[in-house]
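Down below is the structure, laid out as structure tokens.
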Amino acid sequence: MTESKRHPLRMAGDDRATAQDVPDTPQTRAPAYRLAFTDDDFMCRQELRPVRLQLELLKPEMELDAHGVKSTIVLFGGARIPAPAHKDKARTKTLADLSHFYDEAREFARLMTLKSMESDGQDNVIVTGGGPGVMEAGNRGAVDAGGQSIGLNIVLPFEQAPNEYVTPELCFNFHYFAIRKMHFLMRARAICVFPGGFGTLDEMFETLTLIQTGRMSRVPFLLFGRAFWEKIINWDALADAGTISDQDLDLFQFVETADEAMKLIENWDTAPAREEVPGRSK
């Protein structure tokens, strides 16, 4: 989106265009002559990390504001979970058995997007990590409903491309995991976590920690697939050990289907952030 000029000074974009047509001399070819904000080598210097962090925070924020996105519904989940039609290619039988969660994520995103579009489509917009598996299913469900959705991609050492269902204007790419996580949560009205691996666990526990410690307001926090989550995490053992409190087990709920998740979110009573952590000495 082109920024309207609000001052009498020459615009940075104008100077960037002019600088591309300067005479070719040893001086103009020297890296020192490049405009600082167009100099990729300069921008990637270690000393510029604070600037890059700020830019990664600002760019998606400004674009989401420009597109009128007010709030989001977050979908976390495994990149390796296949669509049921492709479950025969899954690496393990367990992974193949989890493929039905692809359909549940897709259906949930479809229902939520339809609900969002009943108003202006700017609230409760689906946001995923923009990749394959559960992420693809979430963005695909929004397309099924004829709505928009967000993809927050991350640069990885191996090749990765956004899934084809992310709204192109809302498809972002990140270098910093930390800033990407902030954008997942800054507009979040609900968190839906599907079976996944290290990345999903990281996102789930960081979000739970923010809610547990009062750094984030309470929102519906739904774990799809009780059997999966209770098999890989002994929640009661954490409470029995005293490393979390019994009340912390109420920060999330298990669901199995898209319809069940929709009902819980629609009937959610807004809750403020915690002012103290139960079971922790002051």
Residue list for segment 166-184, filter: buried (at least 19 other Cβ atoms within 10 Å of the Cβ) and out of contact with any strand residue (DSSP E or B) (no Cβ under 7 Å at 6 or more places or on another chain)
I179
Quick one: I232 ticks every box in (1) β-branched (V, I, T); (2) at pLDDT below 95; (3) more than 17 Å from R189 (Cα to Cα) except a single one, so which number is it?
(2)
Considering only segment 39-115, give the helices (runs of 4 or more DSSP H) lying wholly within it that have at least 1 residues that are small (G, A, S).
49-66, 93-97
I'd like to check something: does segment 230-241 contain any residue that is touching a strand residue (DSSP E or B) at 6+ places or on another chain (Cβ under 9 Å) and surrounded by 12 or more Cβ atoms within 10 Å (Cβ to Cβ)?
yes
What are the residue pairs meeting all of these: first residue in segment 69-82, first residue in the same structural domain as Q122 (by TED's automatic domain parsing), second residue modelled with pLDDT under 95 and part of a loop (DSSP other than H, G, I, E, B), Cβ atoms under 8 Å, and 6 or more apart or on different chains?
R80/A90; R80/R91; P82/A90
Across segment 181-205, the tally of residues that are without any contact (Cβ under 8 Å) to a residue 40 or more places away in the chain and farther than 16 Å from D250 by Cα stands at 4
Quick test of your reading of the structure: Y165 fulfils all but one of (1) in a loop (DSSP other than H, G, I, E, B); (2) touching an Asp or Glu at 6+ places or on another chain (Cβ under 7 Å); (3) over 20 Å from R106 (Cα atoms). Name the failing condition by number.
(3)
Do the conditions hold for P157, that is, is it assigned by TED's automatic domain parsing to the domain that holds V219, more than 13 Å from the chain's Cα centre (by Cα) and modelled with pLDDT of 95 or more?
no
Residue pairs, Cβ under 8 Å, 6 or more apart or interchain, first in segment 1-22 and over 26 Å from G68 (Cβ atoms) and in a loop (DSSP other than H, G, I, E, B), second modelled with pLDDT of 80 or more and among the hydroxyl-bearing types (S, T, Y). List them.
V22/T28
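Results for (1) touching a strand residue (DSSP E or B) at 6+ places or on another chain (Cβ under 8 Å); (2) within 26 Å of A178 (Cβ to Cβ); (3) outside the structural domain of L185 (by TED's automatic domain parsing); (4) loosely packed, with under 11 Cβ neighbours inside 10 Å, shown as yes or no for each residue.
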| residue | (1), (2), (3), (4) |
| --- | --- |
| L9 | no, no, yes, yes |
| A19 | no, no, yes, no |
| P31 | no, no, yes, yes |
| F42 | no, yes, yes, no |
| L57 | no, yes, yes, no |
Taking L75 as meeting all but one of (1) at pLDDT below 95; (2) within 27 Å of G141 (Cα to Cα), write down the number of the exception.
(1)
Residues of segment 208-228 being within 20 Å of G279 (Cβ to Cβ) and either free of Cβ contacts under 8 Å to residues at least 40 places away in the same chain or part of a strand (DSSP E or B) (or both), which ones?
T209, L210, R218, F221
Starting from segment 100-112, take each residue that is modelled with pLDDT of 95 or more and list its partners that are aromatic (F, W, Y) and assigned to a helix (DSSP H, G or I), counting only C-beta distances under 9 angstrom and pairs at least six apart or across chains.
F101/F228
Would you mind telling me which numbered condition in (1) farther than 22 Å from M186 by Cα; (2) without any contact (Cβ under 8 Å) to a residue 24 or more places away in the chain; (3) not in a helix (DSSP H, G or I) Q160 fails?
(2)
Say we look at segment 113-155 and pick out the residues that are hydrophobic (A, V, I, L, M, F, W, C), surrounded by fewer than 19 Cβ atoms within 10 Å (Cβ to Cβ) and in contact (Cβ under 8 Å) with a residue 24 or more places away in the chain; which of these is farthest from L223 (Cα to Cα)?
M117
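The values are calculated or read from the model by the stated rules, or taken from the named source; none is laboratory data. Being a predicted model, the structure only gives us computed values, none of them experimental. Here Cβ is always computed from backbone atoms with ideal geometry, including for glycine, and neighbour counts include all displayed protein chains.
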